[in-house]
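The values are calculated or read from the model by the stated rules, or taken from the named source; none is laboratory data. Here the structure is a predicted model, which means the values were calculated and not measured. Quick reminder, even Gly has a Cβ in these numbers, built from the backbone with ideal geometry, and neighbours come from all protein chains shown. The area values use the complete protein model at the heavy-atom level, side chains included, leaving out ligands, DNA and RNA. Shrake-Rupley method; radii C 1.70, N 1.55, O 1.52, S 1.80 Å.
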Amino acid sequence: PRPPSRLRRHSRRRPRRMLDPGHGRPRAGALAMGALAAVLGLACLPAAAAVKPFSTVDPRALNVTVISREKREGPAADRFSAREGELDATGSYARPTNAWWTMMVLGRGFTEMENANGFQIPFVMWAAKRGVSAAMPFVLAQANQIENGFDSTVSFVTLGASDVTVGHRVVYHDPLSVTFKWGGREQGKWAKMPIVRGSPYLTMEYHDATPEFDSPQVLDPQKGITVDGVPGVCPGEFEGRKFELVLVQSDETWTIWSSHSLRVGCQTEGALLRAKHPITGVVRAAVTNNCTMGRSAFQCAKKPPADPEPPHFAKLLEKHVDTYPVGAEVDMSAVGDASVVRIDWLTKTMPVPHSGAHTNQTASERKPVLMTAMEHHREMGVCSKEGTAVEHTGVFARNVNGNLSLVAADQWLMPYSLLPVSWHSVHGIAQHARATIRDAVLEDAQWQLPVNYLIGAGDPYNAGKMLARLGQVALVAQELGEHTTAKQLAKRVAQNVEIWAHSRALNRFVYDESWGGWISCGCLYDDCVPKGCNPNVLPPDQCHCEPSQAYCKNSGPPGDCPTFTDPGMDFGNAYYNDHHFHWGYHIFAAAIAAHFDPDWGQRHKEWLLLYARDIANPSVDDPHFPVWRHKDWFTGWSWASGIALGGGKPYRNGHNQESTSESIMAYYGLQLLGDALGDDAMRDWGRAALASEVVAAMTYWQIPEGSKVYPEILHKKTLMGILWQNLVQYQTWFGGSPYMVHGIQMMPYTPASEYYIQPGWSNMSYRLGERDCRLSPQCIKDGWVSMFVMQLAVLDPSKAWEQALELPDTVFSGEAPAGNGNSRTAVLHWIATRPQMHHHRQAPDLWPRKLECAAAPWEIEEKQPSPPPYAPPPPASPPPPHPSP
């Protein structure tokens with residue numbers, strides 16, 4: 001028998017960006033947040049302050065086991081400029097695992113790179129032998145899904161160099177970009193491509209290398225090629241700085257701009273432009289028309305044969321071609337319930353012919369850089385540093401995430417209203433419900449975790465859920481004024497948190513120095529004695545099994561960890577799958593323990609911070625964990641999946657995230673942990689990440705009435721279940737029943753759910769999920785029914801109250817995969833805190849409220865000196881142990 005577990009999710013995830021030493025690339029800062037010293041208008045923004053890490057303590061100093069992954073599970077050394085154990089250009093030993101571009105580097109040989117694409121927005125990109133291939137996707141929608149259609153066989157282009165060594169490697173990354181490089185190790189020739197989130201161009205920098213632009217497509221026989229505005233005929237040779245190619249299969253016009261005059265050879269069967277000489281300069285390329293001849297069934301406004309459409313954005317793309325992005329700095333400031341997320345695009349200018357210089361632009365010299373913007377950027381607003389709204393164009397492109405517009409600015413300022421939530425309910429407990437909830441608290445206070453989880457013989461995901469469950473009951477008891485019960489519960493939570501955080505559980509946690517992360521070793525669970533006996537073969541007196549005898553058949557770290565080779569075990573924890581879900585629950589429970597006992601929190605602080613640093617390290621000055629493992633600050637949501645491969649190859653659809661509500665829980669937990677530990681920066685980081693996650697979930701998972709993101713065919717679903725980079729599905733990893741799809745987007749309920757599960761959307765969504773749940777006995781057995789009772793409370797709390805009292809105890813059993821993290825106390829408390837339960841109160845104003853550009857908060861902060869780079873001690877001289885609590 002195995003401990004209960006939710007059906008397995010698979011794994012995919014994301015890395016981060018490194019500086020190429022010696023080539024003058026600016027170092028990108030991570031997101032900055034600190035104490036607010038002043039609130040300024042946007043017209044006089046200060047320079048961003050250095051980002052302070054949560055901690056820089058070496059995990060080795062905490063007496064945790066440190067492991068190195070086998071070659072197959074570690075970073076591909078030839079894909080990174082720094083090898084394992086070496087600092088990369090960002091000053092980190094860690095390698096990103098969940099970045100939007102990770103799939104582009106996970107495969108090792110060219111066979112494994114077959115599906116290794118990343119959705120950069122607007123292009124789907126994948127590495128070629130000597131460059132990067134790209135396709136502008138089109139939308140394919142069905143009743144249950146929508147996908148980015150792209151043809152990786154014919155309808156794509158490749159920008160590269162013909163004379164550099166084969167194979168790309170990461171030489172720089174930051175929160176919004178990655179730079180690949182070819183060549184340049186033993187030879188002077190190299191080519192580099194900065195791939196920046198949202199850029200509508202492909203950009204390649206060359207050093208004594210020969211540019212090449214090719215495609216399997218055929219050149220249009222009528223328009224073919226235009227050079228510096230003069231039509232030409234291929235095959236042939238041409239010289240110029242601007243080349244326009246019309247491709248038959250995609251019906252696209254690609255315009256290629258060169259910083260230097262190029263003499264190129266041109267061919268038609270398999271369109272090819274290859275320079276006749278190397279350059280030290282820059283080549284940029286963009287789609288300037290995707291319905292050139294009226295042939296595209298996907299991009300033309302009318303079905304073919306249609307009239308050709310004019311190149312609506314060609315002039316704008318040409319206007320901004322001289323300024324190109326090479327990375328981004330992202331920081332944030334908050335005051336009260338308002339915040340601003342700022343993106344500073346790090347830019348260069350196209351070199352002057354014959355100079356060979358790639359000029360970095362200083363802040364005062366920066367010119368507007370042309371980028372694409374998503375639906376939530378338009379809805380929330382993007383402001384300029386002058387405090388005015390940035391102007392968006394019409395629809396430039398469309399993909400699974402909706403329409404893209406073009407925006408020209410050197411800096412984006414995105415105002416977010418923060419969720420006004422803290423430890424307890426937003427509206428308070430209705431007086432007439434307090435006695436019933438008090439009874440539920442006293443009963444739930446007696447609930448015990450399954451025996452095997454008390455000793456850590458289980459997976460970290462379910463363990464975290466059940467610890468959070470106890471913690472939530474403690475908070476309800478505190479809100480009721482039952483302080484003795486609350487403190488007793490919090491003490492139990494603390495004791496159980498210690499078992500896992502200090503790696504004393506049978507399923508021990510270890511520090512992975514290959515990738516830089518806090519992962520589980522895994523437990524091959526058994527509870528039969530004598531050990532190894534088979535109850536299906538031997539009689540009970542010779543083989544006795546019960547949870548109180550639980551043990552792990554594997555010996556544990558460093559050498560016997562089944563999670564290292566099984567990406568499905570522990571829900572892929574060792575492959576960095578769902579870490580913000582797993583550790584989010586642990587963080588929430590730890591925060592509650594520290595809230596009740598601040599001294600306990602300080603004694604155990606560094607161990608608790610291992611969870612926070614793993615999922616939300618904000619600073620490159622912490623070299624042991626990647627910056628923001630999951631969070632994508634361009635899209636607003638997080639990527640749950642990590643480094644696992646499918647059949648030995650990266651996933652064609654890229655990374656994904658399923659449970660937005662658990663992602664929301666993670667950042668809410670981070671906010672509370674910062675508050676409990678007295679770390680204002682961590683608290684505010686949690687608030688900012690929480691706000692952007694909720695906005696993204698409401699925009700791209702929920703489908704409210706009037707949604708502009710998804711086609712009409714999907715609107716009746718009211719929400720989507722899994723959002724991949726190239727695919728969005730009405731589905732879960734463990735089944736396709738509507739109650740599963742809807743339920744996983746609501747679990748767990750916290751005060752943050754107040755602003756995510758709103759009446760307007762619930763009025764449509766509830767009927768679909770609840771009806772399916774009512775018809776499915778498994779929905780009740782697994783505990784999903786409690787999620788729908790709580791959603792009903794948003795619409796009709798009185799009816800929900802009646803249903804909650806009738807729920808069987810089995811709904812909240814430790815054996816119920818959906819209900820084991822919930823409790824009757826939590827259900828009744830949620831219902832009793834609905835505003836309708838207070839007869840004098842109205843429903844709250846809908847969140848988020850839109851902030852005006854000129855009313856954004858900012859900080860002035862002295863730059864703190866960064867700690868010296870960490871140098872790992874030799875194995876014979878481990879760091880002195882951190883004092884154990």
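Is it true that some residue in the range 707-728 is open to solvent by 10 Å² or more (accessible area, probe 1.4 Å), under 17 Å from the mean Cα position of the chain (by Cα) and farther than 27 Å from Lys850 by Cα? Yes: one or more hits.
Residues in the range 499-519 that are open to solvent by 20 Å² or more (accessible area, probe 1.4 Å) and either of a type in the set (A, V, I, L, M) or closer than 21 Å to Pro547 by Cα (or both): 4 in all. As a summary of the residue check, Cys291 satisfies the conditions (1) crowded, with 23+ Cβ neighbours inside 10 Å; (2) without any contact (Cβ under 8 Å) to a residue 60 or more places away in the chain; (3) assigned to a strand (DSSP E or B) except for the one numbered (3).
When every residue of the range 781-793 is checked against the conditions, at least one turns out to be open to solvent by 10 Å² or more (accessible area, probe 1.4 Å), β-branched (Val, Ile, Thr) and modelled with pLDDT of 95 or more.
Quick one: in the range 377-403, of everything that is of a type in the set (Val, Ile, Thr) and within 22 Å of Ala141 (Cα to Cα), which residue is most open to solvent (accessible area, probe 1.4 Å)? Steps first, answer last, please.
Step one: of the range 377-403, the residues of a type in the set (Val, Ile, Thr) are 382, 388, 390, 393, 395, 400.
From the residues that got through so far, the ones that are within 22 Å of Ala141 (Cα to Cα) too are 395, 400.
Working: Val395: 87, Val400: 0 Å².
Result: Val395.
Within the range 540-554, is even one residue within 21 Å of Arg72 (Cβ to Cβ) and open to solvent by less than 40 Å² (accessible area, probe 1.4 Å)? Scanning the range 540-554, I find at least one residue that is within 21 Å of Arg72 (Cβ to Cβ) and open to solvent by less than 40 Å² (accessible area, probe 1.4 Å), so the answer is yes. If you check Lys242 against the conditions, is it under 37 Å from the mean Cα position of the chain (by Cα) and open to solvent by 10 Å² or more (accessible area, probe 1.4 Å)? Here the answer is no, as Lys242 does not meet what is asked.
Looking only at residues of the range 478-493 that are surrounded by 22 or more Cβ atoms within 10 Å (Cβ to Cβ) and over 23 Å from Asp578 (Cβ atoms), we find that the one that is nearest to the chain's Cα centre (by Cα) is Ala490. Taking the range 436-541 and the helices (runs of 4 or more DSSP H) fully enclosed by it, the elements with 1 or more residues that are out of contact with any Phe, Trp or Tyr (no Cβ under 9 Å at 6 or more places or on another chain) and over 27 Å from Pro817 (Cβ atoms) are at 460-480, 483-501. Scanning the range 570-599 for residues that are farther than 24 Å from Gly642 by Cβ, open to solvent by 10 Å² or more (accessible area, probe 1.4 Å) and in a helix (DSSP H, G or I) yields a count of 4.
Would you check if Leu677 is over 16 Å from Trp637 (Cα atoms) and of a type in the set (A, V, I, L, M)? So Leu677 fits the description; yes. So Asp151 fits all but one of (1) closer than 30 Å to Glu658 by Cα; (2) modelled with pLDDT of 90 or more; (3) not hydrophobic (A, V, I, L, M, F, W, C); what number is the exception? With (1) closer than 30 Å to Glu658 by Cα; (2) modelled with pLDDT of 90 or more; (3) not hydrophobic (A, V, I, L, M, F, W, C) applied to Asp151, the lone miss is (2).
Out of the residues in the range 373-404 meeting the condition of being part of a strand (DSSP E or B) and under 17 Å from Asp344 (Cβ atoms), tell me which one is modelled with the highest pLDDT.
Ranking the candidates gives Ala373 first.
Which residue, of Gln472, Gln448, is open to solvent by 30 Å² or more (accessible area, probe 1.4 Å), under 19 Å from Tyr585 (Cα atoms) and modelled with pLDDT of 95 or more?
Working: Gln448 fails: modelled with pLDDT of 95 or more.
Being open to solvent by 30 Å² or more (accessible area, probe 1.4 Å), under 19 Å from Tyr585 (Cα atoms) and modelled with pLDDT of 95 or more holds for just one of Gln472, Gln448, which is Gln472.
Can you go through Ser786, Ser776, Ser798 and tell me which one is hydroxyl-bearing (Ser, Thr, Tyr) and closer than 24 Å to Met698 by Cα?
Working: Ser776 fails: closer than 24 Å to Met698 by Cα; Ser798 fails: closer than 24 Å to Met698 by Cα.
Just one listed residue meets the conditions, Ser786.
For the range 149-181, what are the residues that are over 15 Å from Phe123 (Cα atoms), open to solvent by 30 Å² or more (accessible area, probe 1.4 Å) and among the charged types (D, E, K, R)? Asp163, the sole residue that qualifies.
Can you list the strands (runs of 3 or more DSSP E) lying wholly within the range 156-242 that have 3 or more residues being at negative phi and either in contact with a strand residue (DSSP E or B) (Cβ under 6 Å, 6 or more places away or on another chain) or among the β-branched types (Val, Ile, Thr) (or both)? So that I can check it myself, show each step before the final result.
Details: elements: 157-161, 169-174, 177-183, 190-196, 202-209, 211-214, 225-227, 230-232.
Counting at least 3 such residues, we get 157-161, 169-174, 177-183, 190-196, 202-209, 211-214, 225-227.
Sort out which residues of the range 274-309 are of a type in the set (A, V, I, L, M, F, W, C), more than 37 Å from the chain's Cα centre (by Cα) and under 24 Å from Pro194 (Cβ atoms), and write them in order of number. Please lay out each step first, then the result.
Let us first name the residues in the range 274-309 that are of a type in the set (A, V, I, L, M, F, W, C), namely 275, 279, 282-283, 285-287, 291, 293, 297-298, 300-301, 306.
Pick out the ones that are also more than 37 Å from the chain's Cα centre (by Cα) and you get 275, 279, 293, 306.
Of everything in the range 274-309, those that are of a type in the set (A, V, I, L, M, F, W, C), more than 37 Å from the chain's Cα centre (by Cα) and under 24 Å from Pro194 (Cβ atoms) turn out to be Ala275, Ile279.
Okay, residues lined up against (1) in contact with a Ser or Thr (Cβ under 8 Å, 6 or more places away or on another chain); (2) touching a residue at least 12 places away in the same chain (Cβ under 8 Å); (3) more than 20 Å from Tyr585 (Cα to Cα):
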site	(1), (2), (3)
Ser638	yes, yes, no
Gly646	no, yes, yes
Arg652	no, yes, yes
Leu670	no, yes, no
Leu673	no, yes, no
Arg687	yes, yes, no
Val694	no, yes, no
Lys708	no, yes, yes
Pro711	no, yes, yes
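Of the residues in the range 455-467, none is at pLDDT 95 or above, open to solvent by 20 Å² or more (accessible area, probe 1.4 Å) and more than 15 Å from His582 (Cβ to Cβ). Output yes when any residue across the range 264-285 is touching a Lys or Arg at 6+ places or on another chain (Cβ under 9 Å), open to solvent by 10 Å² or more (accessible area, probe 1.4 Å) and among the β-branched types (Val, Ile, Thr), and no when none is. Scanning the range 264-285 turns up no residue that is touching a Lys or Arg at 6+ places or on another chain (Cβ under 9 Å), open to solvent by 10 Å² or more (accessible area, probe 1.4 Å) and among the β-branched types (Val, Ile, Thr).
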